[in-house]
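Taking it in order: structure first as structure tokens, then the write-up.
Readers should treat all values here as calculations from the given coordinates under stated rules, not as data from a laboratory. Every value quoted in this text rests on a predicted model; they were computed, and no experiment measured them. FYI the Cβ positions are ideal-geometry reconstructions off the backbone, even for glycines, and counts take in every protein chain you see.
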Amino acid sequence: MSVFNIKKYFYETDFRQAFYFRRGQSPHSVRAVDDISFEVKRGKVFVLAGESGSGKTTVAKIILRAIDPDSGSVIFDGENITRQTGKKLKEFRSFVQMVHQDPYTALNPRMKIMDIIMEPLNIHDKRSSKEEKKEKVFSSLEDVRLEPATEIAEKFPYTLSGGQRQRVALARVLVISPKLIIADEPVSMLDVSVRAEILQLMKNLKEKFKISFLYITHDLSTSRYIGDDIAVMYAGKIVEKGPIDTILLNPLHPYTQALTDAIFQPNPGYSNNEKKIRIRQADVSNPPNNYMGCRFYSKCPYYMNKCTNEPILTESGEKDHYVSCFLYPE
């Protein structure tokens with residue numbers, strides 16, 4: 001799957017919008033996603049990282065066609081899915097599924113696990129009999145290591161732990177054999193002891209079924225464990241992208257450097273050290289939503305006058321390592 005130059009702006013919809021139009025002015029807009037491109041390779045994990053509000057979930061909604069982009073395209077299996085409707089759109093959605101952040105609200109508490117996992121089959125699989133669908137449900141539960149499957153299938157979500165619920169959510173998307181799974185902060189609501197288990201499960205599923213993952217997160221420590229490539233977003237723009245080890249071990253953009261500085265180091269020797277993050281106090285005269293020049297200009301410790309112009313995402317000295325910053329000339 002490839003994403004090309006997608007944009008999504010949200011405009012104010014209250015009485016002020018009508019006032020702006022009467023005066024010939026443009027209404028205030030939020031550039032949630034502003035001209036970004038990336039590729040999720042077959043059987044690989046592409047990480048989309050950034051702080052809350054950077055536009056990551058909006059990208060996921062555009063890919064799923066929950067919302068339409070203002071411009072740009074999403075190419076899946078050689079077709080532009082932003083133009084698909086009807087049966088073609090329904091078929092596309094059977095190949096792309098999403099695992100949500102909160103396993104406690106993602107599952108209907110009134111339905112048994114059997115019915116929850118069978119629901120996608122009832123929508124997309126009209127050929128299989130009820131017994132065949134049940135076998136697929138049991139097989140999917142075994143794939144996510146929820147056993148005995150026959151017992152788990154008869155339970156309600158409230159009887160399961162958070163980690164078990166997230167496994168049920170994974171089983172629900174696996175049951176229709178997707179090609180791409182969008183995982184939006186899938187472990188952030190789980191206990192630390194459970195996170196590694198879920199991430200390892202996702203890695204195993206990727207290798208076993210050759211499924212591609214778009215892994216959305218703000219936690220760079222988990223992203224390196226599971227990811228192959230990464231794009232770092234800030235205020236609707238991709239500021240750096242490339243192979244995950246290259247980006248995290250040698251971050252070039254000041255925002256990526258600040259994110260890596262914030263990674264927790266589980267070393268008792270660091271307990272008395274002061275945590276230093278390469279970021280300056282924001283300049284309120286140049287907030288990040290004014291969309292003039294570099295989005296990170298107001299917080300960047302290396303800002304220059306030229307940063308009031310918008311930098312272009314270009315390849316750095318390393319292969320496939322792209323950065324959007326004037327510190328690194330083309």
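Dipole size in debye (nearest 20) for the chain around its Cα centre, Lys and Arg Cβ +1, Asp and Glu Cβ -1?
Dipole about the Cα centre, nearest 20: 720 debye.
Percent of Cα-Cα pairs more than 24 Å apart in region 112-233, please.
Considering region 112-233, 28 percent of its Cα-Cα pairs are separated by more than 24 Å.
For a quick check: with amide H placed at 1.01 Å from N, whose amide H comes under 5 Å from ILE182's, ignoring anything fewer than 5 positions away on the same chain?
Counting only residues 5 or more places away or on other chains, the set is GLN97, MET98, VAL99, LEU214.
For labels at GLU197 and LYS90 in the simple 7 Å Cα→Cβ model, what's the distance in nm?
According to this spin-label approximation, the distance is 3.8 nm.
Mind telling me which of VAL192, VAL168, VAL137 comes out most flexible in a GNM of the chain, alpha-carbon contacts under 10 Å?
Of VAL192, VAL168, VAL137, the Gaussian network model singles out VAL192 as fluctuating most.
Which of CYS307, CYS294 comes first, and how do the rest follow, when ranked by fewest Cβ neighbours within 10 Å?
CYS307, CYS294
Using a Förster radius of 25 Å, what is the FRET efficiency between ALA66 and LYS210 based on their Cβ-Cβ separation? Nearest 0.05, please.
E between ALA66 and LYS210, to the nearest 0.05, is 0.50.
Which loop-located GluC sites (Glu not before Pro) does region 101-171 contain, where loop means any DSSP state but H, G, I, E or B and the Cβ has at most 13 other Cβ atoms within 10 Å?
Passing both the DSSP loop test and the Cβ count: GLU154.
Could you go through region 224-236 in sequence order and give the Karplus-derived ³J(HN,Hα) for each residue, using 6.51 cos²θ - 1.76 cosθ + 1.60 with θ = phi - 60°, rounded to whole Hz, and x for Gly and Pro?
5, 5, 10, x, 10, 10, 9, 10, 9, 9, 8, 6, x
Identify the trypsin sites (Lys or Arg not before Pro) of region 68-167 meeting these criteria: DSSP loop state and at most 10 other C-beta atoms within 10 Å of the C-beta.
Counting only loop positions with at most 10 other Cβ atoms within 10 Å, the trypsin sites (Lys or Arg not before Pro) in region 68-167 are ARG110, LYS126, ARG127.
Using Cα-Cα distances under 8 Å and only pairs 6 or more residues apart, what relative contact order does the chain have, in percent?
Relative contact order of the chain: 19 percent.
Run down the aspartates and glutamates and flag those whose C-alpha is under 18 Å from the C-alpha of LYS90, throwing out any fewer than 8 positions away in its chain.
ASP68, ASP77, GLU79, GLU119, ASP125
Quote to one decimal, in nm, the extra length available between MET111 and GLU318 on full extension: 0.36 nm per residue of separation minus the C-alpha distance between them.
Extra length available between MET111 and GLU318 comes to 69.4 nm.
Which of rounded, prolate or oblate describes region 152-196 when judged by the alpha-carbon gyration tensor and an a/c cut-off of 1.5?
Judged from the Cα gyration tensor, region 152-196 comes out oblate (a/c at least 1.5, b/c at or above a/b).
In the structure displayed, which of LYS8/LYS88; LYS8/LYS237; LYS88/LYS126 lie more than 21 Å apart, Cα to Cα?
With Cα atoms farther than 21 Å apart: LYS8/LYS88.
Which whole-Hz ³J(HN,Hα) couplings does region 57-68 yield from phi under the Karplus relation 6.51 cos²θ - 1.76 cosθ + 1.60, θ = phi - 60°, glycine and proline marked x?
Going residue by residue, I get 5, 5, 4, 4, 5, 5, 4, 7, 6, 6, 9, 9 Hz, with x marking Gly and Pro.
Relative to the present Cα-Cα distance, how much length would full extension add between LYS126 and ASN80 at 0.36 nm per residue of separation?
My answer for the length gained is 14.0 nm.
Please identify every one of the trypsin sites (Lys or Arg not before Pro) in region 289-330 that sits in a loop by DSSP and has no more than 13 other beta carbons within 10 Å of its own beta carbon.
LYS319
Cα extents of the chain along the three principal axes, largest first, in whole Å?
Projected onto the principal axes, the Cα atoms of the chain cover 67, 61, 39 Å.
Working from Cα positions, state the angle (0 to 90°, nearest 10) between the long axis of helix 86-95 and the longest principal axis of the chain.
In the chain, helix 86-95 runs at an angle near 90 degrees to the longest axis.
Greater than 25 Å separation of Cα atoms is the criterion. Which listed pairs, LYS7/LYS203; LYS87/LYS136; LYS87/LYS130; LYS112/LYS206; LYS61/LYS134; LYS41/LYS155, meet it?
LYS7/LYS203; LYS112/LYS206; LYS61/LYS134; LYS41/LYS155
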